[in-house]
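Visitor: Here it is, the structure in full.
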Amino acid sequence: MLTQERALELFHYDEATGKLFWRVSRGRTKAGNEADCATSDGYLRVAADGRRYRVHRVIFLMKTGRWPVPDCDHRDLNGVNNLWNNLREATRSQNKANEPVHCGRTDRLKGAYHHKKHGGWSSRIKVMGKMLHLGYFKTKEEAHECYKVAADKYFGEFAYHNSNQ
């Protein structure tokens, strides 16, 4: 496992750009080159000493001397924006709260689900691995508003409401 000392030996973190650069040359990799590779999930990764790491986690290690437990969250949801003020330690639940709706539809409101049986909409939220039912509503907007209140209650600054997408 990479240590802060080893990370500082291998990498330079540019505070102004949020980018990680190699300090050492190794094989085809030259000192000064950006030390990252894009992944299909929207994050950057880097390989060091035979292991792969997400760049934002390495930056957290370099800045604090420890790995984020358990997660490191991007405030702006942009997995390649590794500016220090955009990164924060988070629980898995907080990290999941700060993510957009995954269905790929921009008309979807987070926390609102069409409920065929009741002919309207339901609202629910997942907190610490448990799904909480928040109620039934006539419109998706009402269900979403209920979700927003619950998200703010349970997740505070980590709450993400996709209202403005």
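Here is a yes/no grid of residues against (1) among the aliphatic types (A, V, I, L, M); (2) touching a helix residue (DSSP H, G or I) at 6+ places or on another chain (Cβ under 8 Å):
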{"site": "Asp41", "(1), (2)": "no, no"}
{"site": "Leu44", "(1), (2)": "yes, yes"}
{"site": "Gly65", "(1), (2)": "no, yes"}
{"site": "Asp71", "(1), (2)": "no, yes"}
{"site": "Ser93", "(1), (2)": "no, yes"}
{"site": "Leu109", "(1), (2)": "yes, yes"}
{"site": "His115", "(1), (2)": "no, no"}
{"site": "Ser123", "(1), (2)": "no, yes"}
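Visitor: Check Leu44, Leu61 and return the single one that is more than 25 Å from Gly129 (Cβ to Cβ), in contact with a Pro (Cβ under 9 Å, 6 or more places away or on another chain) and surrounded by 12 or more Cβ atoms within 10 Å (Cβ to Cβ).
Guide: Just a single option satisfies the conditions, and that option is Leu61.
Visitor: Continuing with this model, one more query. Counting only residues that are under 29 Å from Gly18 (Cβ atoms) and not polar (S, T, N, Q), give me the strands (runs of 3 or more DSSP E) lying completely in segment 77-148 with at least 3 of them.
Guide: Fully inside segment 77-148 and qualifying: 87-90.
Visitor: For the structure I just gave you, tell me whether His133 is in contact with a Lys or Arg (Cβ under 6 Å, 6 or more places away or on another chain) and not β-branched (Val, Ile, Thr).
Guide: Taking the combined requirement at face value, the residue satisfies it.
Visitor: Name every residue in segment 21-51 that is in contact (Cβ under 8 Å) with a residue 24 or more places away in the chain, farther than 19 Å from Leu77 by Cα and not in a loop (DSSP other than H, G, I, E, B), in order of residue number.
Guide: Val46, Ala48, Arg51
Visitor: Can you name every residue in segment 1-29 that is more than 21 Å from Gly65 (Cα to Cα) and out of contact with any Phe, Trp or Tyr (no Cβ under 7 Å at 6 or more places or on another chain)?
Guide: Within segment 1-29, Ser25, Arg26, Gly27, Arg28 qualify.
Visitor: Can you pull out the residues in segment 122-156 that are at pLDDT below 90 and loosely packed, with under 13 Cβ neighbours inside 10 Å?
Guide: Met128, Gly129, Gly156
The values are calculated or read from the model by the stated rules, or taken from the named source; none is laboratory data. The structure presented is a predicted model; accordingly, all values stated were derived computationally and were not measured. Here Cβ is always computed from backbone atoms with ideal geometry, including for glycine, and neighbour counts include all displayed protein chains.
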